[in-house]
Amino acid sequence: MDLALLRTFVTVHRAGSFTRAAALLGLSQPAVTSQIRTLERQLGRPLFLRQARGVTPTTIGDELAHKAAPHLDALVEITETGLDEHSSLRTLHLAGPPEFTAERALPALVELSDDGGQRLALRASFGNADETLEGLSAGHHDLAITTTRPRGVLLTATPLCDEEHVLVASPRWAARIGGPGKLRRKGAQALENLPVVEVHESLPFVSRYWASVFDSLPAASGSVIVPDLRAVLACAVTGAGLAVLPRYLCGSSLERGDVVALHEPAVPPLRTYFLVVRTGTLAMPHIARAHEWLLRTAADWC
């Protein structure tokens, strides 16, 4: 049996569509369709059910994928290992949210590239979860960091770390509220007249915090909207209003007193980050090495 046909089959099985598989393989969609039909004729069985959106594997298709995929991934690993022996530099394409990628992931990977092993060149791009996962699925990235766990079998996600969110404001606004005692007594009502700094008009961080801690929605609208949490912190420090920020990002500012934590709930709101790869690509040594290193390093981020 032609290994190229099996490779195309496994890619379609993981991608869930001929079009997406074609993009990953660098083939045209008709070429992928032709290869799958050839394989189905050779086996005498249908491997996929064609639907309006993508394809669904038959039970025969699932069985073949379960048997063939590990062996094809092993062949990729052998090939990539052989390439590594003759190459001192491999490029890793990483995508994720700008703040977390810049503050956490990239410094860790730079440290990895300097550890005396094979040199690792880094290429990073920023985007929201949908953009990042779409780019990873299309083969534009090797690793992705998102706050959304992807569905399906094309992508494999591993929990990376949890991010604690903190409600902060400048000391001036904290004094105006009247201290944590008033906030405990009055809850979100004590914050109604305060301006808010956020990354989007929908107030995603503030709304999530309010729902988790106060069991309500925020009454205020954004006074400053800027699509970067580092800029949100800078605005909060200068007194633009209250903000909800990851503790890793505002920890130093809290220690210096540039901002004050307005509330310390017994159970702080958390958000989970996932480290995502295309299924099977961990057979590539440079991706596996970066994946393992980030998981190991993230143990100290929590």
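Read-outs: derived from the displayed coordinates by stated rules, not from any lab. Here the structure is a predicted model, which means the values were calculated and not measured. Note that each Cβ is placed from the backbone with ideal geometry, even for glycine, and that neighbours are counted across all protein chains shown.
Exposure proxy ranking for R149, R14, R53, based on other Cβ atoms within 10 angstrom of each Cβ and starting from the fewest, stands as R53, R149, R14. Rounded to whole numbers, the Karplus 3J(HN,Hα) couplings from phi for region 207-212 are 4, 5, 5, 4, 5, 6 Hz, using 6.51 cos²θ - 1.76 cosθ + 1.60 with θ = phi - 60°, and x at Gly and Pro.
Calculate log10 I(q)/I(0) of region 140-225 for q = 0.10, 0.11, 0.23 Å⁻¹, where I(q) comes from the Debye formula with a single equal point scatterer on each Cα and nothing for solvent. One equal scatterer on each Cα of region 140-225 leads to -0.38, -0.45, -1.20. Shown in residue order for region 93-98 are the 3J(HN,Hα) couplings computed by the Karplus curve 6.51 cos²θ - 1.76 cosθ + 1.60 at θ = phi - 60°: 9, 10, 9, x, x, x Hz (x for Gly and Pro). For region 200-281, the ratio of Cα radius of gyration to the globular rule of thumb 2.2 N^0.38 Å stands at 1.25. Residues whose amide H lies under 5 Å from that of T272, counting only those 5 or more places away or on a different chain, are E163; hydrogens are built 1.01 Å from N in the peptide plane.
One equal scatterer on each Cα of the chain, no solvent, Debye formula: the resulting log10 I(q)/I(0) at q = 0.07, 0.10, 0.16 Å⁻¹ is -0.38, -0.68, -1.18. Counting beta carbons within 10 Å around each of C235, C250 and listing the fewest first gives the order C235, C250.
Around the amide H of A124, modelled in the peptide plane, lie the amide H atoms of L94, all under 5 Å away and 5 or more residues distant in sequence or on another chain.
Report, to the nearest 10°, how far helix 247-256 tilts away from the longest principal axis of the Cα atoms in the chain, using its own Cα long axis and a range of 0 to 90°. Around 30 degrees separate the two axes. For the chain, averaging the sequence separation of C-alpha pairs within contact (under 8 Å, six or more residues apart) and dividing by the residue count gives a relative contact order of 22 percent. Sorting the segments 238-245, 104-111, 214-221 by their mean number of nearby beta carbons within 10 angstrom, highest to lowest, gives 238-245, 104-111, 214-221. Restricting to the chain, what percent of DSSP beta bridges are antiparallel, rounded to 5? Taking every DSSP beta bridge with both residues in the chain, the antiparallel ones total about 60 percent. Working from the pairwise distances between different alpha carbons, so that the mean of 1/r is found and then inverted, what is region 150-302's Kirkwood radius in Å? Computed over region 150-302, the radius equals 17.0 Å.
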